[in-house]
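Enquirer: Structure in structure tokens, see below.
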Amino acid sequence: MSRFRPTASSPDGPPPATGHAATGEVHRLRLGDVQLEVAGASVVGNRYPANFDVLHVDASLPFAAVADGMGAGEGSRRAGATAMGTLVAQVRAAWPQVGPRHLRAAVAQVQSAVRAAGADLAELTGCTLTALLAEPDGGQGWLVQLGDSRAYRLRGDLLELVTVDHTAAWLGVLHGWYPPDSPAAGRARYQLTRYAGHPDEPEADLLAVSLRPGDTWLLCTDGVSDQVDYHLLRELLADPWPAQAARDVVNESLDAGGDDNATAVVLRIHPAVAG
């Protein structure tokens with residue numbers, strides 16, 4: 001029998017110094033020999049009239065996700081809300097079953113639901129989707145990746161980008177189509193090759209990842225990764241309070257110009273406390 005046990009949620013650490021970021025509670029869940037501590041934060045920024053990012057930190061399951069609507073219209077809003085709502089419902093319905101078969105089925109449902117949600121709109125209805133779901137015994141987790149939101153892992157002093165951006169820019173750099181800092185590469189950053197709502201309903205990348213005590217995971221939209229320096233991210237994620245780290249990450253996007261909605265989930269893994 002797995003030893004999955006939600007524990008109490010509570011405010012995490014000191015109150016935000018700036019008050020910029022909208023944050024939720026910290027959620028703590030025990031999974032076998034590890035305990036997860038998770039918090040999220042999001043800001044609108046200065047470019048858009050509303051927040052088209054969607055953040056989910058589950059109160060009862062070891063599951064968190066971010067989505068980023070494409071554009072600033074009704075299609076963007078519907079895509080993010082539909083993709084997240086569908087994925088959450090599918091994960092909860094399948095629990096405690098976790099694995100590639102169930103997650104592929106969940107993503108297929110997301111693709112169909114987003115396509116249906118935008119059927120009456122004469123505009124793009126699509127979004128990115130990045131999620132992390134731990135297995136009930138805490139042995140490993142599964143990353144789900146569609147689009148250019150990202151998952152990073154801080155292990156010791158090493159901050160790793162674990163996911164791949166599904167963009168023409170990423171392909172162009174890999175294949176040498178153009179220099180990374182060229183105007184062509186800049187334009188290609190906004191050409192997504194896979195996303196929720198794509199007419200061809202592509203599958204997500206599914207990655208099995210280890211969950212070691214001491215690890216810190218960051219799920220974020222491109223409003224974070226495009227605006228917050230890699231080395232600064234590493235420093236911010238070292239904060240002992242996940243909620244403070246999440247707030248600091250998104251607030252740094254504002255300090256960098258706030259050119260996009262910015263959303264972050266910070267998940268820290270601790271040894272489980274006996275008892």
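Enquirer: Please compute the Kirkwood hydrodynamic radius over the range 4-271, one decimal place, Å, based on all pairs of different Cα atoms.
Expert: In the range 4-271 this quantity evaluates to 18.4 Å.
Enquirer: Can you tell me which of 248, 181, 259 moves the most in a GNM of the chain? Springs connect C-alpha atoms under 10 Å apart.
Expert: 181
Enquirer: So if I take the centroid of the Cα atoms in the range 186-236 and the same for the range 260-275, what is the distance between those two points in Å?
Expert: Rounded to whole Å, the Cα centres lie 16 Å apart.
Enquirer: If you bin the C-alpha pair distances of the range 107-233 every 10 Å from 0, what whole percents do you get?
Expert: 12, 36, 35, 16, 2
Enquirer: Between residue 231 and residue 210, what length in nm is gained on full extension when 0.36 nm per residue of separation is reduced by their alpha carbon distance?
Expert: 5.2 nm
Enquirer: Under a plain spin-label model, where a point goes 7 Å from the Cα along Cα-to-Cβ, how far apart in nm are residue 101 and residue 191?
Expert: About 3.9 nm separates the two model spin labels.
Enquirer: Nothing charged except the Cβ atoms of Lys and Arg (+1) and of Asp and Glu (-1): what's the magnitude of the dipole of the chain about its Cα centre? Round to the nearest 20 debye.
Expert: Dipole size: approximately 760 debye.
Enquirer: Still on this structure: Set the Förster radius R0 to 41 Å, insert the Cβ-Cβ distance between residue 158 and residue 121 as r into 1/(1 + (r/R0)^6), and round the FRET efficiency to 0.05.
Expert: FRET efficiency, residue 158 to residue 121: 0.40.
Only the coordinates and a few stated rules stand behind these numbers; no lab work does. Since this is a predicted model, take the numbers as computed values, not measurements. Neighbour counts run over all protein chains shown; Cβ positions are idealised from the backbone, glycine included.
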